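Beneath this line is the structure, given in structure tokens, with notes to follow.
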Amino acid sequence: MVALLRVFRNVLAFPGIIFIGAFIIPFTLLIFFWEVNAPRNINIFDVVKIFFIGGVSSLLVTMILSKLVVIGEIDYYGALMVGVVEETGKLIVVAYYLRGSKRKYILNGLLLGAAVGAGFAVFET
């Protein structure tokens, strides 16, 4: 993408560079969590699905919660409340994926939490 930008001077490569920059580190960390998942009872296709759907839905839940919670100015208290609202939104989505699940291992919870968190990080950026 950088070569496309520099050689052909195509400014349409900027969004691709930004997306790849925001995508590559969280997704790589997610693959690491999938590899570390010792029980191996969640396949990679489900993890990628939770990455995309869970990331977008946690962003939507966070936006809904931010309308319900009065954050005010972005000072010390406001920044703290933004963090609480974002983490609560991710927790709600992870709890949705884990409800009624037969996945009873701690590493499964870490994997699903990492999938939702990484998807949130990509789509928030």
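Going through the range 35-60 one residue at a time, which ones are surrounded by 12 or more Cβ atoms within 10 Å (Cβ to Cβ) and among the acidic types (Asp, Glu)?
46
Would you check if residue 92 is of a type in the set (Val, Ile, Thr) and touching a residue at least 12 places away in the same chain (Cβ under 8 Å)?
The answer is yes for residue 92.
Run residue 2 past the list (1) surrounded by 11 or more Cβ atoms within 10 Å (Cβ to Cβ); (2) over 21 Å from residue 124 (Cα atoms) and report the number of the one that doesn't hold.
(1)
Mind listing whichever residues of the range 30-63 are outside any loop (DSSP other than H, G, I, E, B), under 29 Å from residue 102 (Cβ atoms) and aliphatic (A, V, I, L, M)?
30, 31, 36, 44, 47, 48, 50, 53, 56, 59, 60, 61
Those residues that are closer than 23 Å to residue 71 by Cβ and open to solvent by 60 Å² or more (accessible area, probe 1.4 Å), I need them from the range 81-125; list them, please.
84, 87, 91, 92, 123, 124, 125
Only one of 23, 8, 32, 19 is under 13 Å from residue 112 (Cα atoms) and either surrounded by 12 or more Cβ atoms within 10 Å (Cβ to Cβ) or of a type outside the set (A, V, I, L, M) (or both). Can you tell me which?
That would be 32, the only listed residue that is under 13 Å from residue 112 (Cα atoms) and either surrounded by 12 or more Cβ atoms within 10 Å (Cβ to Cβ) or of a type outside the set (A, V, I, L, M) (or both).
Kindly indicate whether residue 72 is in contact with a helix residue (DSSP H, G or I) (Cβ under 6 Å, 6 or more places away or on another chain), assigned to a loop (DSSP other than H, G, I, E, B) and not β-branched (Val, Ile, Thr).
In short, yes.
Residue pairs, Cβ under 8 Å, 6 or more apart or interchain, first in the range 44-69 and touching a residue at least 12 places away in the same chain (Cβ under 8 Å), second polar (S, T, N, Q) and in a helix (DSSP H, G or I). List them.
62/88; 65/88
Select from the range 16-31 the residues that are of a type outside the set (Val, Ile, Thr) and either more than 18 Å from the chain's Cα centre (by Cα) or under 20 Å from residue 104 (Cα atoms) (or both) and list them in ascending order.
Once the filter is applied, which keeps residues that are of a type outside the set (Val, Ile, Thr) and either more than 18 Å from the chain's Cα centre (by Cα) or under 20 Å from residue 104 (Cα atoms) (or both), the range 16-31 yields 16, 30.
Taking residue 35, is it farther than 16 Å from residue 124 by Cβ and modelled with pLDDT of 90 or more?
When the stated conditions are applied, residue 35 passes them.
Test residue 78 against the criterion of being farther than 22 Å from residue 18 by Cβ, touching a helix residue (DSSP H, G or I) at 6+ places or on another chain (Cβ under 6 Å) and free of Cβ contacts under 8 Å to residues at least 24 places away in the same chain, and give yes or no.
no
The values are calculated or read from the model by the stated rules, or taken from the named source; none is laboratory data. Being a predicted model, the structure only gives us computed values, none of them experimental. So basically every Cβ, Gly included, is an ideal-geometry build from the backbone, and we count neighbours across all protein chains shown. Note: accessible area is taken over every heavy atom of the protein model, side chains too, but ligands, DNA and RNA are not part of it. Shrake-Rupley method; radii C 1.70, N 1.55, O 1.52, S 1.80 Å.
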